[in-house]
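Structure first, commentary second.
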Amino acid sequence: MGRVKKIGSKELGLGLVLVFLLAFMMAGTALAATPQEIYDDYAADGRLDGDYTRAEIDAVFSDPVLAQYGDPDILDRLKSYVNASDSDRSVFPFTGSQMLMIFGGGVVLVGLGVLLRRGRREES
């Protein structure tokens, strides 16, 4: 029988970091609103009560199920509502705290790269 290689603490730590990063990257997709939810939100009272991204709203208009089975009047009014709300937009699309998070993520990635290179040199 073959020998089983023991997993060291470095490999285990790296594996946990990779699992955490993958979960973090997929969280936005898992929490996104569906086109049906946005359609139902607008159909309920004629306005969007949720905080939806532009991509989520655009997905409503390209959803084949809503194009086939949705009420065309509601979809037309929703399109007019979205276009009217976009025209009076006077704020920057993201805040300074979001810019700091992006910068911090870049610093963390560069730091991980340096640590991985340093660890690789020590093994050689």
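For the range 47-80, the set of residues classified as assigned to a helix (DSSP H, G or I), farther than 12 Å from E37 by Cα and among the acidic types (D, E) consists of D58, D73, D76, listed by residue number.
Among the residues making up the range 45-67, those that are aliphatic (A, V, I, L, M) and surrounded by 10 or more Cβ atoms within 10 Å (Cβ to Cβ) are L48, I57, A59, V60, V65, L66, A67.
Results for (1) touching a residue at least 12 places away in the same chain (Cβ under 8 Å); (2) under 30 Å from E122 (Cα atoms); (3) in contact with a Gly (Cβ under 7 Å, 6 or more places away or on another chain), shown as yes or no for each residue.
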| residue | (1), (2), (3) |
| --- | --- |
| L18 | no, yes, no |
| E56 | yes, no, no |
| V60 | yes, no, no |
| D76 | no, no, no |
| S80 | no, no, no |
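FYI, it's all coordinate maths here, none of it is from the lab. Please read these numbers as outputs of a predicted model, since none were measured by experiment. Note that we place each Cβ from the backbone using ideal geometry, even for glycine, and neighbour counts take in every protein chain shown.
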